[in-house]
Amino acid sequence: MMIRNIHKAIIALLLIGLPSVSFAKRYDVTLPEVASCLKTAQPGDRIYIKDGQYKDMQLKWIGKGTEKSPITIEALNPGKVKVEGGSTLRIAGEWLSVSGLHFTDGYAPKGSVIEFRNGQELANHCRLTNCVIDKFNPSRRDQAYSYILLYGRHNRVDHCSLTGKLNLGVTLIVILNDERCLENHHRIDHNYFGERPVYGSNGAETMRVGTSQQAYSSSNTVIENNLFERCSGEVEVISIKSSDNIIRNNTLLECEGVVALRHGDRNTVNDNLFIGNGRRNTGGIRVVNAGHQIYDNVLVGLAGTRFFSALGVMDAVPNSLPNRYCQVVDVKMYRNTFVDCTNIEFGTGKDMERTLAPEKVSFTDNIIINKGLDQPYIAVDDVAGIQFKDNKVQLAKNYSAPGFTTEKVKAPQLPDDAAIRKDKGASWFKNQVAHPAANVHKEYNVSPGTNLSEVIHSAEPGGVIILAKGTYPIQRAMFIDKPLTIRAADAANKPLVRFNGDKPDNMVTIADGGKMVIENITFDGVLEPGKALAKAGISTAFDMIQPYTLIVDGCEFQNFGEGGFFAIKGTKATFAESVTIRNCLFRDLSGDAINYAAEKDDIGRYNADDMLIENCSFYRLLGLPINIYRGGSDESTAGPYITIRHCTFVDCCNKERGSVMRLIGPQVLTVENCNFDNSGRGGATIRLDEATWEKVRIANCNLWNSGRMMTTTSQAIQGKMYNFRPAYINAEAYDYTPVEGSELEKLSIGFKKKENSCHTILLLK
């Protein structure tokens, strides 16, 4: 007995020295039940979420795991837990891992979609992996929020797919406005950042680390092994606004923008691959501030210039505040390879404010291959502060200068598409840019008396609605929310569309999903007795998230009798990828003919990216024939791109301080071969407010008894201006084609007779 008691005592003493043993639990729950599980969950516990479609979820998950035993929350079947509607997720605590969720077809009603915090409690050592946020947008594109906000320290976002973002706001932000977020050592890796179209203003970056207020604070964020595909919201795809970050081994594929070292010092950009495939505004790396290292990057087929250059080393503002442009100093750029890139630029942005050239900069052991260039770089400012050494070039001709030698060098072998995409994004999600479905082009023949709105509603996407000769009264707008073509059966006998609704409305409203071609239709705004006025011939819905395209060919707009009503109008917070207006007649209008000037906040926003207005006639307009506005001096976008040619203006906008064309802020503008006849007498034919960097060209125009051209710079007018009395073929019938043999005809100025051509087919981008 005594021996047995001794053994018991020894065992008891041994047990006292051992830690308590707990066994990990498994929970199988629905999504709303996760929060309750976390209240009792211990390190090592696993919470599995059952399949389902969960809507309007305000999820708040707080857990306390350990390094060796994190708490994991994961979809039982990755991708089968769909979070929709007005939903958000807040993650806080320590050593918490979340995986397999699919946020889709919803929006964030408050804040951002996912945040690494819950109230004042932050997340540390937490992980978001194998998740997808796709098409998670509000109804209006100007409602701002992010997909992910990273707070705290030592968090990781990996193998996630972030796609389909259309609204204002950065896709992923590293937050530094709390001392608990500095020197965070976050890791953002192996993610897929999917297509983001041009937004049309600042604030549409794909990723941002910090803000200008934290420029000189160390973030220590690592961004590596991610794929960015067609992330083109604005000029800064990745915006670094803090210090001591690493951007490495990422691929930027056809992104219309750059990795911008915007604020902060000592950032490293290395071993990244930039592939532009010649796409407009595809860029590489833009450099501001001090102490950076940029090396071993490969940049191929980048077509951007200036802020969108393959490499842009910027001029600075003397004695600059941190939130403006600080001098580039002590920056090393070495072993980078540039192949068929349009622009390598030193002194980018030099103007009256930015006058301080880079200093103590080295450009060493780089390779530049471009058979289309005579020189390896553009010097916008003095390059005395840049040391060029041991760079090899292969250009259109032999080039020799200090630091450069012509040598035969081999272009790098690029990885194939499969290799680029391997191990990027969620394993269960197909990561690729959207490709439009083939248009069916099914035809619908319509006669007067048919309800056009109903025909349009029932038509298949890509359908062609053909209108016979006659009058088509409409009671409400023809609502275009899919790709459609509307055309006359006979171009010589244009069908007439007239509004006779009881409440004001547009004749045509383009909504989300709308892509429209309209040919040889007459829109008549004459007010019918007892009916409301049409607000516009063609306009857009007020709540839109998707960009649209519009082609108007051979149409007439007449008799719009109120000053605030327009023939063609883009509304606030809507955005067109492209607008083409050709061979059209606008006459007897009290409002504007073409109005894309709804964004008036002067922060660089605009309503349409590419605009072509050609071979149109404008007669007897009180409003502006063409009114396009992009206010402010923000350089985050490269548009709009405006071309106006072969247009004729007769008796247009002669009121005091009026303008025939009001073109404020286009980044690229061409006006050529236009005829102004008795127009703009009280003000201007063309009113510009252009910046020095904007590419503006006005050439070969005729101004007869018309106002002057008002420009900010002296470089806008680049071609000869004339003052010939016009002679037209048949002005009484609104045919403003110059008489054959007249001076205008010889100079190819003004309206040109429309040539017979095939119908336009709507091509979806």
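Odds and ends about this structure:
- Within the stretch 92-143, restricting attention to residues that are among the charged types (D, E, K, R) and in a loop (DSSP other than H, G, I, E, B), the residue that is farthest from the chain's Cα centre (by Cα) is LYS110.
- LYS442 satisfies every condition listed in (1) among the basic types (Lys, Arg); (2) loosely packed, with under 14 Cβ neighbours inside 10 Å; (3) assigned by TED's automatic domain parsing to the domain that holds LYS332 except (3).
- Selection of the stretch 601-654 for residues being of a type in the set (Val, Ile, Thr) and part of a loop (DSSP other than H, G, I, E, B) yields ILE603, THR637.
- Odd one out for TYR399 among (1) at pLDDT 95 or above; (2) of a type outside the set (Asp, Glu); (3) outside any strand (DSSP E or B); (4) in the same structural domain as ALA357 (by TED's automatic domain parsing): (1)
- Filtering the stretch 260-280 to residues that are part of a strand (DSSP E or B) and either acidic (Asp, Glu) or under 20 Å from LEU414 (Cα atoms) (or both) leaves VAL269, ASN270, LEU273, PHE274, ILE275.
The rows are residues; the columns are (1) touching a residue at least 60 places away in the same chain (Cβ under 8 Å); (2) in contact with a His (Cβ under 6 Å, 6 or more places away or on another chain).
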site	(1), (2)
LEU168	no, no
ASN177	no, no
HIS185	no, yes
ILE188	no, no
GLU195	yes, no
VAL209	no, no
GLN214	no, no
VAL222	no, no
ASN225	yes, yes
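- Under the condition of being buried (at least 22 other Cβ atoms within 10 Å of the Cβ) and within 27 Å of ASP735 (Cβ to Cβ), the residues counted in the stretch 664-678 number 6.
- Subset of the stretch 543-576 (residues that are modelled with pLDDT under 90 and either under 14 Å from ARG141 (Cα atoms) or in a loop (DSSP other than H, G, I, E, B) (or both)): ASP543, GLY561, GLU562, GLY563, GLY564, PHE565
- Selection status of LYS64, under 30 Å from the mean Cα position of the chain (by Cα), surrounded by fewer than 22 Cβ atoms within 10 Å (Cβ to Cβ) and of a type outside the set (S, T, N, Q): no
Results for (1) of a type in the set (Val, Ile, Thr); (2) crowded, with 19+ Cβ neighbours inside 10 Å; (3) under 27 Å from the mean Cα position of the chain (by Cα), shown as yes or no for each residue.
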| position | (1), (2), (3) |
| --- | --- |
| GLY525 | no, yes, no |
| GLU528 | no, no, no |
| LYS531 | no, no, no |
| ASP543 | no, no, yes |
| ILE551 | yes, yes, yes |
| GLU556 | no, yes, no |
| GLY570 | no, yes, yes |
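- Single residue of the stretch 366-396 satisfying the filter (of a type in the set (Gly, Ala, Ser) and either outside the structural domain of PHE228 (by TED's automatic domain parsing) or part of a loop (DSSP other than H, G, I, E, B) (or both)) that is nearest to LEU253 (Cα to Cα): GLY372
- For GLY233, the conditions (1) outside any loop (DSSP other than H, G, I, E, B); (2) under 20 Å from GLU635 (Cα atoms) all hold with the exception of (1).
- Some residue of the stretch 155-162 being under 29 Å from GLY604 (Cβ atoms), surrounded by 24 or more Cβ atoms within 10 Å (Cβ to Cβ) and under 22 Å from the mean Cα position of the chain (by Cα): yes
- Only listed residue being free of Cβ contacts under 8 Å to residues at least 24 places away in the same chain, assigned by TED's automatic domain parsing to the domain that holds GLN387 and not basic (Lys, Arg), chosen from ASN319, ASN323: ASN319
- Of all positions in the stretch 410-427, none carries a residue that is surrounded by fewer than 16 Cβ atoms within 10 Å (Cβ to Cβ), at pLDDT below 95, assigned by TED's automatic domain parsing to the domain that holds ILE294 and farther than 30 Å from GLU224 by Cα.
- Residue match in the stretch 517-530 (condition: part of a loop (DSSP other than H, G, I, E, B) and modelled with pLDDT of 95 or more): yes
- Looking at the stretch 445-506, the strands (runs of 3 or more DSSP E) lying wholly inside it that each contain 3 or more residues that are within 37 Å of the chain's Cα centre (by Cα) and touching a residue at least 24 places away in the same chain (Cβ under 8 Å) sit at 478-480, 483-488, 496-499.
So that you can scan it fast, the table gives a plain yes or no per residue for (1) within 23 Å of SER590 (Cα to Cα); (2) modelled with pLDDT of 90 or more; (3) surrounded by fewer than 19 Cβ atoms within 10 Å (Cβ to Cβ):
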residue	(1), (2), (3)
CYS653	yes, yes, no
ALA699	no, yes, yes
GLY707	yes, yes, no
GLY719	no, no, yes
VAL739	no, yes, yes
PHE751	yes, yes, no
ASN756	no, no, yes
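- Qualifying positions in the stretch 721-737 - in a strand (DSSP E or B) and surrounded by 13 or more Cβ atoms within 10 Å (Cβ to Cβ): MET721, TYR722, TYR728, ILE729, ASP735, TYR736, THR737
- Residue selected from the stretch 577-600 under the condition part of a strand (DSSP E or B), surrounded by fewer than 22 Cβ atoms within 10 Å (Cβ to Cβ) and of a type outside the set (Lys, Arg), by the criterion nearest to the chain's Cα centre (by Cα): GLU577
- Among the residues making up the stretch 45-67, those that are more than 12 Å from GLU94 (Cα to Cα) and either among the β-branched types (Val, Ile, Thr) or outside any strand (DSSP E or B) (or both) are ASP45, ILE47, ILE49, LYS50, ASP51, ASP56, MET57.
- Residue in the stretch 296-308 that is surrounded by fewer than 24 Cβ atoms within 10 Å (Cβ to Cβ), assigned to a strand (DSSP E or B) and in the same structural domain as LEU252 (by TED's automatic domain parsing) present: yes
- Any chance PRO32 is in a loop (DSSP other than H, G, I, E, B), surrounded by 11 or more Cβ atoms within 10 Å (Cβ to Cβ), in the same structural domain as HIS125 (by TED's automatic domain parsing) and modelled with pLDDT of 50 or more: no
- The stretch 680-697, subset among the small types (Gly, Ala, Ser) and either in a loop (DSSP other than H, G, I, E, B) or at pLDDT below 90 (or both), residue farthest from HIS646 (Cα to Cα): ALA691
The values are calculated or read from the model by the stated rules, or taken from the named source; none is laboratory data. Keep in mind the model is a prediction, meaning the values are calculated, not measured. Glycine also receives a Cβ, built like all others from the backbone with ideal geometry; neighbour counts cover every protein chain displayed.
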